[in-house]
Amino acid sequence: VHKVRMESLLDAFSEEELYSFNSRVEQAAGRVDYVVEPKIDGLSVSLEYVDGKLVRGSTRGDGDIGEDVTHNILTIASVPKTLNEALPFIEVRGEVYMPHSSFTELVLRQDEAGEKPFKNPRNAAAGSLRQKDSSVTAARGLDMFIFNIQQIEGKAQVSHEESLDFLGYLGFKTVPYYKRFCSFDDAVEQVRKIGEMRGTLPFDIDGAVIKVDSFAKRELLGSTAKFPRWAI
């Protein structure tokens, strides 16, 4: 059971929708700074650490209840088993994905073995993380980017950018290319830039995410039954 719900995000398919989102945010919370980051196309996973040691990895599931995949998470090289600071407790959220190089290799192996190959890296990542035999997962070359602190004890964080910097210090591989903006126009421009990068990255993305930076403002904005009001 996820103590902090692993929410999904509201989608926007036009810049008009982004500006409507910004208007709603400013109406409710006043002027805010935003952080923009790529949306990694993989499988959303929560990691829990007690006294700096990894104790559990679980899938998002329906947002309230996920599947325990700790045995397979332990095979991902970029996931720290021990953090650089022994916090009493921290739960982080990230995306397990399959890099293009690992996917190409896997499809070749599946073809040679006469197996039906995975259609895309996302399906391959999901299938690999749910293996009963962790040695199969270990051979699949999975990776993980962390993009959120779900819960934390022993350290106060006031903003998203600060929390991502702190996650990097703890030893996590954080979501790349994250950037804070004071101007919403600049945030939208960054979304365009991420779109242009899409075909050149060594992993799949399925968009960009705009998040309110301040945790106090996020608290003020809250969530609907499905989505946080502070991100799109």
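Taken over the range 178-232, the criterion of being surrounded by 13 or more Cβ atoms within 10 Å (Cβ to Cβ) and of a type in the set (G, A, S) is satisfied by A187, G195, G207, A208, S214, S223, A231. Taken over the range 175-188, the criterion of being more than 16 Å from E17 (Cβ to Cβ) and more than 18 Å from the chain's Cα centre (by Cα) is satisfied by F181, C182, S183, D186.
Taking the range 119-151 as the range and being in contact (Cβ under 8 Å) with a residue 40 or more places away in the chain, in contact with a Pro (Cβ under 9 Å, 6 or more places away or on another chain) and not acidic (D, E) as the test, the residues that pass are P121, G141, L142, F145. Here Q131 fulfils each of the conditions (1) under 20 Å from I40 (Cβ atoms); (2) out of contact with any strand residue (DSSP E or B) (no Cβ under 8 Å at 6 or more places or on another chain); (3) crowded, with 17+ Cβ neighbours inside 10 Å apart from (1). Residues of the range 140-153 that are within 22 Å of G42 (Cα to Cα) and buried (at least 17 other Cβ atoms within 10 Å of the Cβ): R140, G141, L142, D143, M144, F145, I146, F147, N148, I149. Would you check which residues across the range 77-95 are small (G, A, S) and either farther than 17 Å from S44 by Cα or in a loop (DSSP other than H, G, I, E, B) (or both) and list them? Passing the criteria: A77, S78, A86. Tell me yes or no: at least one residue of the range 162-175 is open to solvent by less than 20 Å² (accessible area, probe 1.4 Å), of a type in the set (A, V, I, L, M, F, W, C) and in a loop (DSSP other than H, G, I, E, B). Checking the range 162-175: at least one residue is open to solvent by less than 20 Å² (accessible area, probe 1.4 Å), of a type in the set (A, V, I, L, M, F, W, C) and in a loop (DSSP other than H, G, I, E, B).
Just one of the numbered conditions (1) under 13 Å from M6 (Cα atoms); (2) out of contact with any Lys or Arg (no Cβ under 7 Å at 6 or more places or on another chain) is not true of S44: (2). In the range 197-204, is there at least one residue being touching a helix residue (DSSP H, G or I) at 6+ places or on another chain (Cβ under 6 Å) and modelled with pLDDT of 95 or more? Yes, because at least one residue in the range 197-204 is touching a helix residue (DSSP H, G or I) at 6+ places or on another chain (Cβ under 6 Å) and modelled with pLDDT of 95 or more. Against the conditions (1) modelled with pLDDT of 95 or more; (2) of a type in the set (D, E, K, R); (3) not in a helix (DSSP H, G or I), K155 satisfies every one except (1). If you check A156 against the conditions, is it surrounded by fewer than 18 Cβ atoms within 10 Å (Cβ to Cβ), in contact (Cβ under 8 Å) with a residue 24 or more places away in the chain and not hydroxyl-bearing (S, T, Y)? No; evaluated as a whole, the condition is false for this residue. Could you tell me whether any residue of the range 178-190 is modelled with pLDDT of 95 or more and polar (S, T, N, Q)? So far as the range 178-190 goes, yes, one or more of its residues are modelled with pLDDT of 95 or more and polar (S, T, N, Q). Among the residues of the range 12-46, those that are over 17 Å from F215 (Cα atoms) and touching a strand residue (DSSP E or B) at 6+ places or on another chain (Cβ under 8 Å) comprise L18, F21, P38, K39, I40, D41, G42, L43, S44, V45, S46. I'd like to know if the range 89-111 contains one or more residues that are at pLDDT 95 or above, among the aromatic types (F, W, Y) and under 25 Å from Y177 (Cα atoms). Yes, some residue in the range 89-111 is at pLDDT 95 or above, among the aromatic types (F, W, Y) and under 25 Å from Y177 (Cα atoms).
Count of the range 176-215 residues, restricted to those that are part of a helix (DSSP H, G or I) and not basic (K, R), is 15.
The values are calculated or read from the model by the stated rules, or taken from the named source; none is laboratory data. As the structure is a prediction and not an experimental result, all values here were calculated from the model. In this analysis, Cβ positions are derived from the backbone assuming ideal geometry, glycine residues included, and neighbour counts consider all displayed protein chains. Just so you know, the surface numbers come from the protein's heavy atoms only, side chains and all, with ligands and any DNA or RNA stripped out. Shrake-Rupley method; radii C 1.70, N 1.55, O 1.52, S 1.80 Å.
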